[in-house]
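Asks: I'd like to ask some things about the structure below.
Every read-out reported here was derived from the displayed coordinates using simple, explicitly stated rules and does not represent laboratory data. Keep in mind the model is a prediction, meaning the values are calculated, not measured. Quick reminder, even Gly has a Cβ in these numbers, built from the backbone with ideal geometry, and neighbours come from all protein chains shown.
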Amino acid sequence: MPKKKAPAKRKPRATKAKRRTSKRKRNPILAFIIGIFRWVFRLVWKVTWRVTAVCLIALALAVGYTYTTLPEVSAFLDGRARGSVTLLDRDGEVFAWRGDQFGGVVTAQSVSKHLKNAVVATEDKRFYGHFGLSPRGIASAVKINLSEGRGPLSGHGGSTITQQTAKLLCLGVKFEKSQWESEADYINDCRRGSLGRKAQEAIFSMAMEVKYSKDEILSIYLNRAYMGGGAYGAEAASQRYFGKPASALSASQAAMLAGLLTAPTRLAPTSNLKRSQDRAATILRLMHEQGYLSEAEMKAAQTDPAVLSQAAEAQAGGYFADWVMDSGPEFFTRDTTEDVIIKTTLDQRIQKAAEDALKYTFENKVREGSKAQAAIVVMSADGAVRAMVGGRKSKVTGAFNRATMAKRQTGSAFKPFVFATALELGYTSGSRIVDEPYCLDIPGSGRWCPENYTRNYKGEVMLTEALKQSLNIPAVKISESVGRDLVSRVAREFGIESDLAAGPALALGASESTLLEMSGAYAGILNGGSSVTPYGLIELRLLGDDDALMGTGGGIGERVIQQDAAEELIYMMNQVVNGGTGARAKLPDRQAAGKTGTTQAARDAWFLGFTADYVAGVWMGYDDNTPLKGVTGGGLPAEIWRETMVRVHAGLPARPLPMTRREGGIDEEPEEVFEPVPQTNIKPESAIEGILRDLINSGEVRPGRSESGNDR
């Protein structure tokens, strides 16, 4: 059989890949272009990954180096440049804060869970998932900034809590007075937003993420963040606004504190509580959306928003606190680097009484829109200041204090010191003087003829009547008879340190003084004739120390006039209130004594007086010295005084004034009445004894003659 012929081998078909290859080979131009692109891509890739690797290595080295410079977390918890001052009232209750408050170190574990959750929900909801930077947050911030017409780095920053903490730490640079013009310059430098600064901030943030745990970073943030009202850190803010530790905050309170982080000054609840509550409501909603609160918990917290503590709401004694800070040692008050506790004489009940009295009077008895101002001081007889109102706006800090800073003419409120001098020299409330036209020739000034306020004359009157009706002629006659220098010395001994007028108008209150000085001088009359230095500081100590660094800086000093003279002067001043120029100050249930004062053209109106328990002074006028219209010391100031003292004495038993009325005394013919008493009649414990002896021996005061040489 013939052999079968083997089938012919078929030539395999070209695969698609070979066909494409053959086609490429058939298109050399396209192949060349593709090759060029491949070569460029390989070159770019090689350069890119090498550059990226170099950058990553450089970044790692920078982060590593920064890591080595970071201290233990405890070193970053309190970064204040200044210390704090906490002021306590007479009962030991906090009523004011000054300086940079730091309530103590807290941690993310020790604070209320609501505060921790509120901060994370508000400031950085991805905090526990990122490495210190949030690319998504940065991209979102850049997009928002560009859409709002700003630069990519201007406005929203997309900062994480870690980045914010890095900024609070000023990237580890500490404040040194020798390197910065002020703390403000240091802070402004820390907050620079340049690209280079952002890069440094990113490196520092990543180093912190390596060095510290997330909760440690959050702890630094909770201790460093400024939360308004001078409070740095969660503990200080919690105590400042709510009077409780940060560990005990409710959801609504925590939300309010978290809301302060974006704008601590504007959103502070002491500035605008409603605005703070609205912001807190938004944060509570965020906490619910992120699973930190149930819907029921959110609604309950929004329905019952956080409110201020009693001390924070009252913002009591702003003027008083400023005065204590200004009068205390600078290195422990205005410029302290320590945390200081100051116990003061303030009585918050009396402070509120004074504020309410002033508000009531202006709302009900002063025309609407009046720019007139007023000030009130209330103190005990030993000079312990219990209340101070330096103006109509009471809830202020650092404002002009009209009780301590405004030096104004005292008018007839000065007359008690003229009469005190006469009584000390042996005259009595029953001694007589003639109220009549009276003129003096003043060297260099010409003839001076004072007039009474009513421009009429009473004839022969007793000293009590002269003071009761505030007659000018008798006051000048008495002053000229006993000697102006002696009157000035008595006033100074009682505590009026301001310069006193040298001319005969001294007796009519031509000199200027502050309300605090005048109130202290009247306290000297009440306590029996001894000088008084007003004081507000009882004790100063450092936080954590039991021993005080300093104590009371005022109180009762040396005797100025005898007690019987002081008690008779009190009787005469009591008559001023009982039917005299101060009748509108009369109290319904207890004895009171005082004196009115109205200066020329009614630019200043005063009423100062006391009960057996308290001294109070009231001044009223305009800051620009504009004359008051229809106001005298016996008018609105007396009514403010009365409203204040009625409130101050609410619930206190009535006590009689320490007053007497001596019988007899010098009672010669009017023109000879005020001849100085011989030295032997002055009691040895009197401070005037030496003063009078010096003046008579020097020839400055001569029996029977005034300093101008006119016979009596």
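Asks: Using the Cβ atoms and a cut-off under 10 Å, what net charge is assigned to the surroundings of L423, where Lys and Arg are +1 and Asp and Glu are -1?
Replies: Summing Lys and Arg as +1 and Asp and Glu as -1 gives -3.
Asks: Next question, about the same structure. Can you sort C190, C439 so the residue with the fewest Cβ neighbours within 10 Å comes first?
Replies: C439, C190
Asks: With r defined as the distance between the Cβ atoms of E297 and D545 and R0 fixed at 60 Å, what FRET efficiency is calculated, to the nearest 0.05?
Replies: Efficiency at R0 = 60 Å is approximately 0.90.
Asks: Which residues in segment 452-466 have a backbone N closer than 18 Å to a point placed 7 Å from the Cα of E436 along the Cα-to-Cβ line?
Replies: 452, 455-463, 466
Asks: Only four residue types carry charge here, +1 at the Cβ of Lys and Arg and -1 at the Cβ of Asp and Glu. Report the dipole size of segment 151-277 about the Cα centre in Debye, rounded to the nearest 20.
Replies: So the dipole magnitude of segment 151-277 works out to roughly 340 debye.
Asks: Can you give the translational diffusion coefficient of segment 485-530 in µm²/s, computed by Stokes-Einstein from the Kirkwood radius over Cα pairs at 20 °C and 1.002 mPa s?
Replies: Answer from the Stokes-Einstein relation: 199 µm²/s.
Asks: Roughly how compact is segment 254-364, stated as its Cα Rg over 2.2 N^0.38 Å to two decimals?
Replies: 1.46
Asks: Another question about this same structure. Need the full-extension length gain, S271 to V54, defined as separation in residues times 0.36 nm minus the C-alpha distance. One decimal, nm.
Replies: Contour length minus the Cα-Cα distance gives 72.9 nm.
Asks: I've got another one for you. Tell me, what are the semi-axes, in whole angstrom and largest first, of the equivalent ellipsoid of segment 364-495 as set by the roots of 5 times the Cα gyration tensor eigenvalues?
Replies: Taking √(5λ) for each Cα gyration eigenvalue gives 33, 19, 16 Å.
Asks: Here's a follow-up. Can you work out the base-10 log of I(q)/I(0) for segment 48-102 at q = 0.14, 0.24 1/Å, using the Debye formula on its C-alpha atoms alone?
Replies: Treating every Cα as an identical point scatterer, log10 I(q)/I(0) equals -0.63, -0.92.
Asks: If you take every residue apart from A585 with its C-beta less than 9 Å away from the C-beta of A585, what net charge results, scoring Lys and Arg +1 and Asp and Glu -1?
Replies: +2
Asks: Too long at a 20 Å Cα-Cα cut-off: which of K371/K415; K116/K198; K393/K629; K415/K477?
Replies: Pairs exceeding 20 Å: K371/K415; K116/K198; K393/K629.
Asks: Extension gain A263-A502, at 0.36 nm per residue separation less the Cα-Cα distance, in nm?
Replies: Full-extension gain reported as 80.5 nm.
Asks: To the nearest 20 Debye, how big is the dipole of segment 225-313 about its Cα centre, given +1 on the beta carbon of each Lys and Arg and -1 on that of each Asp and Glu?
Replies: Dipole size: approximately 260 debye.
Asks: Ranked highest first by the average count of other Cβ atoms within 10 Å around their residues, in what order do 460-467, 50-57 fall?
Replies: Those peptides, ordered most packed to least, come out 460-467, 50-57.
Asks: Moving to a separate point now. Most exposed first by the Cβ proxy, i.e. fewest other Cβ within 10 Å, how do Y453, Y65 rank?
Replies: Y65, Y453
Asks: If you wrap a convex hull around the Cα atoms of segment 438-489, how much volume per residue is inside, in Å³?
Replies: In segment 438-489, the Cα hull volume divided by residue count equals 98 Å³.
Asks: Loop only by DSSP, 11 or fewer other Cβ within 10 Å of the Cβ. Give me the trypsin sites (Lys or Arg not before Pro) in segment 431-469 that pass, ordered by residue number.
Replies: When the trypsin sites (Lys or Arg not before Pro) of segment 431-469 are filtered for loop state and at most 11 Cβ neighbours within 10 Å, R455 remain.
Asks: So if I take the centroid of the Cα atoms in segment 38-54 and the same for segment 189-227, what is the distance between those two points in Å?
Replies: About 34 Å separates the Cα centre of segment 38-54 from the one of segment 189-227.
Asks: With the cut-off at 33 Å, report for segment 362-697 the share of all Cα pairs above it, as a whole percent.
Replies: I get 24 percent for the Cα pairs in segment 362-697 exceeding 33 Å.
Asks: Expressed in nm to one decimal, what extension gain is obtained for the pair I34 and Y453 from 0.36 nm per residue of sequence separation less their Cα-Cα distance?
Replies: Gain on extension, I34 to Y453, equals 139.7 nm.
Asks: Report D for segment 225-313 in µm² per second (integer): Stokes-Einstein, Kirkwood Rh on Cα pairs, 25 °C, 0.890 mPa s.
Replies: It comes out at roughly 193 µm²/s.
Asks: Quick one: net charge around F131, please, counting Lys, Arg +1 and Asp, Glu -1 for every other residue with C-beta under 11 Å from its C-beta.
Replies: Charge balance in the 11 Å sphere: +1.
Asks: In whole angstrom, note down how far apart the Cα centers of segment 611-638 and segment 426-499 are.
Replies: 22 Å
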